[in-house]
Amino acid sequence: MIKCNLSRIMGERRLKIADVARDTGINRGTITRIYNETATRIEIEAIDKLCEYLDIEVGELYEKGKNQSE
């Protein structure tokens, strides 16, 4: 299972979804789905923009976790 850390990172930095959307040009709905971990697919460009904006590596934004059945 892939775990997204966007909500944690944004919380630590006290960032709002609307601010990230405005500053990155990524659609607010896309950021909301990433934030809530309900996105089923994400454009590489969006991941790149988020990483650049947050000054993080992809591995800090997404990580491979264990499946619930394991």
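Only residues that are open to solvent by 90 Å² or more (accessible area, probe 1.4 Å) and either of a type in the set (S, T, N, Q) or modelled with pLDDT of 95 or more (or both): list them for region 37-47, please.
Thr40, Glu43, Ile44, Glu45
Give the residues of region 38-67 that are within 10 Å of Asn5 (Cβ to Cβ) and without any contact (Cβ under 8 Å) to a residue 40 or more places away in the chain, sorted by residue number.
Gly59 - this is the single residue of region 38-67 that is within 10 Å of Asn5 (Cβ to Cβ) and without any contact (Cβ under 8 Å) to a residue 40 or more places away in the chain.
Identify all residues within region 1-26 that are of a type in the set (A, V, I, L, M) and either surrounded by fewer than 11 Cβ atoms within 10 Å (Cβ to Cβ) or without any contact (Cβ under 8 Å) to a residue 24 or more places away in the chain (or both); write none if there are none.
Those that are of a type in the set (A, V, I, L, M) and either surrounded by fewer than 11 Cβ atoms within 10 Å (Cβ to Cβ) or without any contact (Cβ under 8 Å) to a residue 24 or more places away in the chain (or both): Ile2, Leu15, Ile17, Ala18, Ala21.
The values are calculated or read from the model by the stated rules, or taken from the named source; none is laboratory data. From a predicted model like this one, the values you see are computed outputs, not experimental measurements. So basically every Cβ, Gly included, is an ideal-geometry build from the backbone, and we count neighbours across all protein chains shown. Surface accessibility is based on the protein's heavy atoms, side chains included, excluding ligands, DNA and RNA. Shrake-Rupley method; radii C 1.70, N 1.55, O 1.52, S 1.80 Å.
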